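So the structure is just underneath, and the comments pick up after that.
The values are calculated or read from the model by the stated rules, or taken from the named source; none is laboratory data. These figures come from a predicted structure and were not determined experimentally. For neighbour counting, all protein chains shown are included, and Cβ atoms are generated from backbone atoms with ideal geometry for every residue, glycine included. These area figures cover heavy atoms from the full protein model, side chains too; ligands, DNA and RNA do not enter into them. Shrake-Rupley method; radii C 1.70, N 1.55, O 1.52, S 1.80 Å.
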Amino acid sequence: MDPLHASDPPRIGDYRLLSRLGSGGMGQVYLARTPAGRNLVVKVIRPEFAAEAGFRARFAREAEAARRVGGFHTAQVVDADPEADTPWIATAYITGPTLGRTVRERGPLAPSALRVLATGLAEGLKAIHACGLVHRDLKPANIVLAEDGPRIIDFGIARPLDGDNMTTQGAVFGTLPYMSPEQTDSSRVGPASDVFSLGTVLAYAATGVSPFSGSTMAETLRRLIGPPPDPGDIDPDIRELVRECWDHDPEQRPTPGQILARFEEHDLEVSWPPPAGSDLPVPEQPPAAPATPPTLKEGAGLKRKTPLLIAGAGTAAVVLIGGLILWNPLGFALPLITEPVVLAEAWAAESVAFSPDGRTLAAGGLSGDIRLWDVRTGEHILSMSGYESGVDSLAFHPDGTTLASSSFGTETDPVRLWDVATGEWERSLSVEGWEDSDMPTNDVAFHPTGNLIVTAQATGAHLWDSEAAEPIAGFTAEEEEGLSISPRSSAFSPDGALLATGTNDNMVLLWEVDTTELVATLTGHTNPVTAVAFSPDGSTLASGGDEESARLWDVRTGNQSAVLETASSRSLSFHPDGSLLATGGFREAQVWNIETGERVAISDSADFTGEVAFSPDGSGLATADSGVYLWPMD
């Protein structure tokens, strides 16, 4: 949970807002309290969606669908106002993690828990179908493991059985790896489609692997329409059920009632895996998001590049139109732009960074110059020069007035601070008497307060007073610990309490900023760690390098929670809502669903070697390679 931002309203309807629970494609989700003191969840829709023709009717349909099913099987709808200036829906607050999070953090479920999951979901689907609905998006992220059994949530793309099969001609809705075969070819989708997805969810819960997820979207589609895979060495009862759910003939799949009957003799008792433990400092909440988010608009005369195909991101749905798979955060057809805006072409870019308000994009080139663009119009604002070698890292001060840059190949003044308004070089982090302060610098980052800067140099990570440009402290390990302190990358946690550094000898070190003490050593990489990034809520740390994987770590425990099989991950960037991770490296940029560990987007860029960065509001992804490109994300 995050604290309320200054821009958040104190109340929605009759309900007092307490904190932020998260955000998604549709809007912001809050924990709220009724006048009688009961907790509930309020989802508030983003204004741009509320203004779209027909949206309010679809939103009202979602609320009505969940209300008809009832609170025993889903999060009960308490109240809703589709006609408000900002539409909202309030549902009962269900305590418990999603199935996806539980499996990711604790591993596959035990056979007894699998049976409870199977019967609980079957009971929920039976209630959904009895109301004349098909859910169409049953997946681990839409299943909450409550104390009294699983709850099915998110009816955003549920459809009546007697309604139109599709909202638009040729469009199909769902999350690709959890679709049924009939969802992929525009066939009529009925209750049996949810049963196919139930089998996929059970296979994932039993193995920790999404059975139909391929390395590409095309491969995932081939797996869905081809012969069903072997569910693996799992509980025999669940294995048999999964195979029956995966029958390509919908008429041959078991009904939810038949699934309940086959387990009625089992002694079922809800027993989910316990939550992950905690033995490392827990970061506080991230800083507030900009009050006025930017928009990515195509400027006059801007060129286009190869499309970035996106599917099933976060809680989003997939839309298949004319053979292309597009990311759709609402679950219905949108006029998405899938080609990037080209800000610079035939210019070897190495680093990119958005200003805190998202209106300016900075990029550093191999030629040693820095360029700034207006994100809204694509207009080039100014250029800054002075480096003899490439600009390896860029970071904006939290107030957006200063830009820090570093250059690995520069022997003097490697870290420079620039006035963003004028492009003037104001000062350098190079002070006589500071040991080896002029050494080439791999990375630079501002502390969330803006008062401090960290530099990653061969001699270690050094902390500086950003205003006075004076050294304060260094992050060094005891000699007997046998640890390399030569960092290649660095990142502060959102609350500024921790510093992560990736080292030349394949480790990630976590430091306490106030004391500069080493609090954790994370091992597992096989190459130098050239990128580290904290998730927006500070609970997850991503790390990567030239090896063909990126790793996710639970910051509280120091345990590795996932490995993403990337082309390489020399650069990392979390989406502002924490659901996606962008990785950049040789040949391509990729976007990953953190909940499922699945790759959901890839750029077609054979020479890509630079950085990636999500805009502060998540509406775009910037990449640096043979130019600078903005990929619209909605």
Open item on the list: Just to confirm my numbers, what's the Cα centroid distance between region 507-533 and region 545-574 in Å?
Closed with: 13 Å
Open item on the list: Relative contact order for region 448-600: what percent, with Cα pairs under 8 Å and sequence separation of 6 or more?
Closed with: 13 percent
Task: ALA421 versus ALA261: modelled label distance in nm, points set 7 Å from Cα along the beta carbon direction - done: 7.7 nm
Task: Reduced Cα scattering model of region 201-253, Debye log10 I(q)/I(0), q = 0.18, 0.22, 0.24 Å⁻¹ - done: -0.60, -0.86, -0.98
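Figure the gain on full extension for ALA346 and ASP465 (residue separation times 0.36 nm, minus the Cα-Cα span) and round it to one decimal in nm.
Numbers: separation 119, 0.36 × 119 = 42.84 nm, distance 3.71 nm.
Value of the extension gain: 39.1 nm.
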TODO: Give, in nm to one decimal, the length gained when the segment between GLU219 and ALA458 is fully stretched (0.36 nm per residue of separation minus the Cα-Cα distance).
DONE: 81.8 nm
Open item on the list: Run the simple label-point estimate for ALA57 and THR476 please: 7 Å along Cα→C-beta, distance reported in nm.
Closed with: 7.0 nm
Task: Long-range Cα-Cα pairs in region 525-598 (distance over 13 Å), rounded percent - done: 59 percent
Open item on the list: Applying a 10 Å radius around every beta-carbon, put 545-551, 378-384 in order of their mean neighbour count, most first.
Closed with: 545-551, 378-384
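So, with a 1.4 angstrom probe, what is the percent of accessible area on region 1-148 that is carbon and sulfur?
On the way: 3080 of 6140 Å².
Roughly 50 percent, rounded to a whole number.
Any chance you could list the semi-axes, whole Å, largest first, of the equivalent ellipsoid that the Cα gyration tensor gives for region 459-559, using √(5λ)?
Equivalent ellipsoid semi-axes, largest first: 21, 16, 13 Å.
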